[in-house]
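The values are calculated or read from the model by the stated rules, or taken from the named source; none is laboratory data. Note that the coordinates shown come from a computational prediction; the quantities given were computed from them, not determined experimentally. Backbone-built Cβ (ideal geometry, glycine too); neighbour counts: all protein chains shown.
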Amino acid sequence: MAFLQKLVFLLTLLSCLVGLGSAAPLRARPRDPPPPAITPVPLRLTAQQDSFNFDLSTTLVLPTSTMQPLQTVPPHCAMYNSLQSECPTSFEAVNVTYDDCGDAWTVCRCSTANMTMDTAVERLGRIPVGLRRYVATVVVAPDTQTHAYTLTSGDIHMFGDTQVDSWVHEAGHAYDWATGSPLSGTPEWQKAIDSDTCVPDTYSATSAGEDFAQMTVMKVYSLIHENSLPEGWSLDCMSHQMDYMNGLPVFNKAELFGNTCAIAGSDPSSRHSTPPPVTPTRVQPDFPAQVQPNSPLKSGLAAVEDKGEKTPTNKDSAALSTYITDVKSVLFAGGAVLGWLMW
Ligand SMILES: [Zn+2]
């Protein structure tokens, strides 16, 4: 076979592979891809800062926890264990029980992950229980860059050494999507965005969903800092977004930090809701405001009604199809290259 013909064949093959690759919306991008069912539409609002520069790890309280190793890695973790997927080596899996909930969280850690199992369990534990209860399984995987994503099932995938604000951000996605119909897709959230002129940071402007998750981090910060924002942020240009956050039931401070995942009268889409055997008496401390906002933030009690009914979802289907697409791509590429070599 002439060299030129082989070259044309190889170029055609490569162009096919590029096309296949673009069909995988959940693959790693800087920081985290959007939830799968919505095409991200960038927001035309000014970012107040480039990124978040504050640390929640020393301010959010840490519940005590116990770990129980699992003999078998759950299928929805094991499916990411391959050379071409998130964990090229092997997973270890544990069930983690925190003292504020009777239900355990499953954490699957790849053996080459940057975070140790202890670190992952600590950072998951620092997510306030009122938000953490929406998080399903956590996958901890290696990467030289930190990023993460959340599936509509509530499963969170963490890469690299992700800090506590990122864990709260991903929990915000899990809460956003808990009913299968995202809050960030509602006309009310869009109206709040349209009524403001800024978002917290550059990443918030990626989409309405990312803005929701970043505002979740902002709201948690404000609740433990006397309803203030971090230094360098102003409420004025994003007050409608914060007002929307204030109205969400999850940001009721007594329940968000209430030491129990069993919250009476709350929505049934929480994934962990069995009360702990003994409810801890721990108190989330308040920290002084760094700067006082020009106008005080309202404290929020349920302005958004609990629908009381779980909407059917297509949980995990997007991730599964991505995985299958990837496997097909690899098989196709491997077979074609092998055929070319043997030609
Ligand atoms: Zn995100």
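Some notes on this structure:
- Among the candidates G125, G185, G130, G180, residue that is within 16 Å of the ligand (Cβ to nearest atom) and in the same structural domain as Q241 (by TED's automatic domain parsing): G185
- Meeting the requirement of 1 or more residues that are surrounded by fewer than 19 Cβ atoms within 10 Å (Cβ to Cβ), the helices (runs of 4 or more DSSP H) wholly within segment 49-161 are 75-78, 117-126.
- Residue list for segment 162-195, restricted to those being in a loop (DSSP other than H, G, I, E, B) and of a type outside the set (A, V, I, L, M, F, W, C): T162, Q163, T179, G180, S181, P182, T186
- When residues in segment 161-193 are screened for being of a type in the set (D, E) and touching a strand residue (DSSP E or B) at 6+ places or on another chain (Cβ under 9 Å), 2 of them pass.
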